[in-house]
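Read the figures in this text as sums done on the coordinates, not as results from a lab. As the structure is a prediction and not an experimental result, all values here were calculated from the model. In this analysis, Cβ positions are derived from the backbone assuming ideal geometry, glycine residues included, and neighbour counts consider all displayed protein chains.
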Amino acid sequence: MSRGLCPGTFDPVTSGHLDIIERAAALFDEVLVGVALNPEKGGGPLFSVDERVGFIREAARHLSNVAVKPFDTLLVDFAEKEGATVIIKGLRAVTDFEREFQMAALNWRLDSKIETLFIMAIPEYMYLSSSAVKEIAQHGGSVRGLVPDNVAVALERATSAR
Ligand code: PNS
C-alpha cells in the first residue's frame, strides 16, 4: 500500500493546497496531510493548529483516502512514524523552487529512504499563497474561490475580529 504525505503550515489551507491534495489522493492509496505547528513562522500563525487541521478535514471530507494530523517534529521522522514513503509538495512559479529544492535535499540527507515528489500547481493557482490570501482578507477583499468556503468564512470572521 502506498502512503503519501502532504506537509505544510496551511495557515490557512488554500484552493491551491486542496488541488494538490486531491491530485495526490488520486496517485496514492492513502494520503496523510501533515500540519506543522510552526509557531515561529512569520510572527506566528493566524490560526491555531487545531483550527488549521479542522479546516482541511472539512474541506477534504469528499476524499475518503485522506487523513489529516498535526506534527511538531522533523518531517522525515513524522513520515517514518506514519509509514509514509513519499513527501508530496506543490510547486508554484519559480520563486518556490529554491526553498523547496533546499528542503528536499536536506530531507534526503536526513533520510534517503523518503522520496520527495513535486506536483505543479495549475496556472489558476500558480500565484496563490496563504500569506497573500490573509493580506487580501485583512484589507477587506474577497477571498471566495481562493480558499475553501469554510476557510473564507473563518478568514472573514478572524480578520474582522482580530
Ligand atoms: O507550508 P510550508 O510553510 O511551506 O511548509 C513547510 C514545512 C512544514 C513542510 C517545513 O517547515 C517542515 O518540514 N517542517 C518540519 C521541520 C523539519 O523537518 N524541518 C527540516 C526541513 S528541511
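Any idea what angle helix 149-161 forms with the longest principal axis of the chain, computed on alpha-carbon atoms, 0 to 90 degrees, nearest 10?
With both axes taken from Cα atoms, the answer is about 50 degrees.
Which one of I114, I21, I88 has the biggest mean-square fluctuation once the chain is modelled by GNM with Cα springs under 10 Å?
Result for the chain, Cα springs under 10 Å: I114 fluctuates most.
Would you grab the residues whose amide H sits under 5 Å from the one on V33? Only those 5+ places off in sequence or on another chain, please, with H modelled 1.01 Å from N.
Result for V33 returns C6, A67, V68, K69.
Loop-only trypsin sites (Lys or Arg not before Pro) in the stretch 6-91, please: DSSP not H, G, I, E or B, and at most 13 other Cβ atoms within 10 Å.
Taking the stretch 6-91 and a limit of 13 other Cβ atoms within 10 Å, the loop trypsin sites (Lys or Arg not before Pro) found are R61.
Kindly put E30, E156 in sequence by how many other C-beta atoms sit within 10 Å of each C-beta, fewest to most.
Result, fewest neighbours first: E156, E30.
Compute a Gaussian network model of the chain, connecting alpha carbons closer than 10 Å, and tell me which residue from L32, L18, L110 fluctuates the most.
In the Gaussian network model the winner is L110.
Shape of the stretch 10-138 from its Cα gyration tensor (a ≥ b ≥ c, root eigenvalues): rounded if a/c is under 1.5, otherwise prolate when a/b > b/c, or oblate?
The shape class here is rounded.
Which one of G54, G16, G44 has the biggest mean-square fluctuation once the chain is modelled by GNM with Cα springs under 10 Å?
It is G44.
Go ahead and run the numbers for FRET between L74 and D149, Cβ-Cβ distance against an R0 of 30 Å, rounding to 0.05.
0.35
DSSP loop GluC sites (Glu not before Pro) in the stretch 93-133 with at most 10 other Cβ atoms within 10 Å of their Cβ, which ones?
Sparse-neighbourhood loop GluC sites (Glu not before Pro): none present.
Among F78, S142, L63, pick out the residue whose Cα is farthest towards the positive end of the charge dipole of the chain, where Lys and Arg carry +1 and Asp and Glu carry -1 on C-beta, about the Cα centre.
Projecting each Cα onto the dipole axis, the largest value belongs to S142.
Return one number: the angle in degrees, 0 to 90 and rounded to the nearest 10, between the long axis of the Cα atoms of helix 49-59 and the longest principal axis of the Cα atoms of the chain.
90
List the residues, sorted by chain then number, that are 5 or more residues from L117 or on another chain and whose placed amide H is less than 5 Å from its amide H.
For L117, whose amide H was placed from the backbone, the distant partners under 5 Å are I87, I88, K89.
Taking square-rooted eigenvalues a ≥ b ≥ c of the alpha carbon gyration tensor, is the stretch 72-162 rounded, prolate or oblate, where a/c under 1.5 means rounded and, failing that, a/b exceeding b/c means prolate?
The shape class here is prolate.
To the nearest 10 degrees, how steeply does helix 95-110 sit against the main Cα axis of the chain, on a 0 to 90 scale?
Helix 95-110 sits at roughly 40 degrees to that axis.
With n ≥ 4 as the cut-off for DSSP H runs, can you work out [θ] at 222 nm for the chain, using -39500 (n - 2.57) per run divided by the number of residues, rounded to the nearest 500?
-13500 deg cm²/dmol
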